[in-house]
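Every read-out reported here was derived from the displayed coordinates using simple, explicitly stated rules and does not represent laboratory data. In this text, all values refer to a predicted model and were calculated from it rather than measured experimentally. Here the Cβ is made from the backbone with ideal geometry for all residues, glycine too, and neighbour counts use every protein chain on show.
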Amino acid sequence: DTEVTQTPKHLVMGMTNKKSLKCEQHMGHRAMYWYKQKAKKPPELMFVYSYEKLSINESVPSRFSPECPNSSLLNLHLHALQPEDSALYLCASSQPPLGQGVPTDTQYFGPGTRLTVL
Amino acid sequence: KQEVTQIPAALSVPEGENLVLNCSFTDSAIYNLQWFRQDPGKGLTSLLLIQSSQREQTSGRLNASLDKSSGRSTLYIAASQPGDSATYLCAASSGTYKYIFGTGTRLKVLA
């Protein structure tokens, strides 16, 4: 099974709402990623978790709060978002390198959550 | 800072043509390079991954090459089909977990 699932597929929220995006994979991957993609632009890395610990935060505003409750699940909690945060949010997973080695494994992406902030 | 660009930005070809998509990166110290396709409004599908020690990878009608010294990768698609229509993205790994994506090439294959 090489599938990464994301829920919901679409989300519309107001600027005062609190919502969460969910991502799940059962490939045994221990690295999971959140990307943000605006229309006609490439994906931009937001966060990376490795072995359930936050490894990379690309200076993302605190209104985005990631969480990795276990090796299969990744959440992105949203609070007080702005209209410019409207985008496609993509989750991905891969097998992290052994020790200090370089990543050699493919990244597998989910279908994304289309977020609209009103 | 690594920058990745793709040329052309858009390409329209008749069915059956062989075509080449280009990807350039500014920092040759990459770990690996991955090619993806993305259908409109969808997630990314991995096509090929080339490790820094490799020169090329092949999968079916696709062949990707990597020349680190010149900062270039190409994706060759043989005998293109309408189903190949999508946006093609390359991504260079410049550190553990950090992939920098290119600007993409929107491909349309006409029946």
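Counted by Cβ distance under 15 Å from B:Leu47, the other residues give a net charge of -1, where Lys and Arg count +1 and Asp and Glu count -1.
Per-residue Cβ counts within 10 Å, from other chains only, averaged over B:32-42: what number is that? Write down the numbers at each step before the final one.
Values: counts 5, 0, 5, 0, 5, 0, 7, 1, 0, 6, 6.
Partner Cβ neighbours, averaged per residue: 3.
Entry note: segment B:1-55 has Rg to Rh equal to 1.00, where both radii use alpha-carbon atoms and Rh is the Kirkwood radius.
At R0 = 25 Å, how high is the FRET efficiency between B:Tyr76 and A:Thr5 if r is their beta carbon distance? Nearest 0.05 is fine.
Plugging the Cβ-Cβ distance into 1/(1 + (r/R0)^6) gives 0.20.
Placing one equal scatterer on every Cα of segment A:43-83 and applying the Debye formula, the log10 ratio I(q)/I(0) at q = 0.23 Å⁻¹ is -0.81.
Label point 7 Å out from B:Glu56 along Cα-to-Cβ: which residues of segment B:66-85 have amide N under 16 Å? Residues B:66-68, B:72-79 fall inside that zone. Please work out the FRET efficiency for the pair B:Asp67 and A:Thr16, using the Cβ-Cβ distance as r and a Förster radius of 45 Å; give the result to the nearest 0.05. Calculated transfer efficiency: 0.30.
Rg and Dmax of the protein assembly as shown, based on Cα coordinates, read 17.6, 52 Å.
Peptide B:44-50 is shielded by partner chain Cβ atoms: per residue, an average of 4 of them sit within 10 Å of its Cβ. Start at zero, step by 5 Å, and the Cα-Cα distances of segment B:54-111 spread as 4, 15, 21, 26, 19, 9, 4, 1, 0 percent across the bins. Counting only aspartates and glutamates at least 8 places from B:Lys1 when in the same chain, those with an alpha carbon closer than 13 Å to its own are B:Asp27.
Per residue and in cubic angstrom, what volume does the convex hull of the Cα atoms of chain A have?
Values: hull volume 12.0 nm³, N = 118.
Taking only Cα atoms, chain A has a hull volume of 102 Å³ per residue.
Of the chymotrypsin sites (Phe, Trp or Tyr not before Pro) found in segment B:78-111, no site is in coil according to DSSP while having at most 12 other Cβ atoms within 10 Å of its Cβ. Among all the aspartates and glutamates, which ones have a C-alpha under 15 Å from A:Lys36's C-alpha, if same-chain residues fewer than 8 places away are not counted? Straight-line reach from A:Lys36, under 15 Å: A:Glu44, A:Glu58, A:Glu84, A:Asp85. For the options A:Ser62, A:Ser72, A:Ser86, a Gaussian network treatment of chain A with springs between C-alpha atoms closer than 10 Å singles out A:Ser62 as fluctuating the most. Legend: mean number of C-beta atoms from other chains within 10 angstrom of residue C-beta atoms, peptide B:92-105, equals 5.
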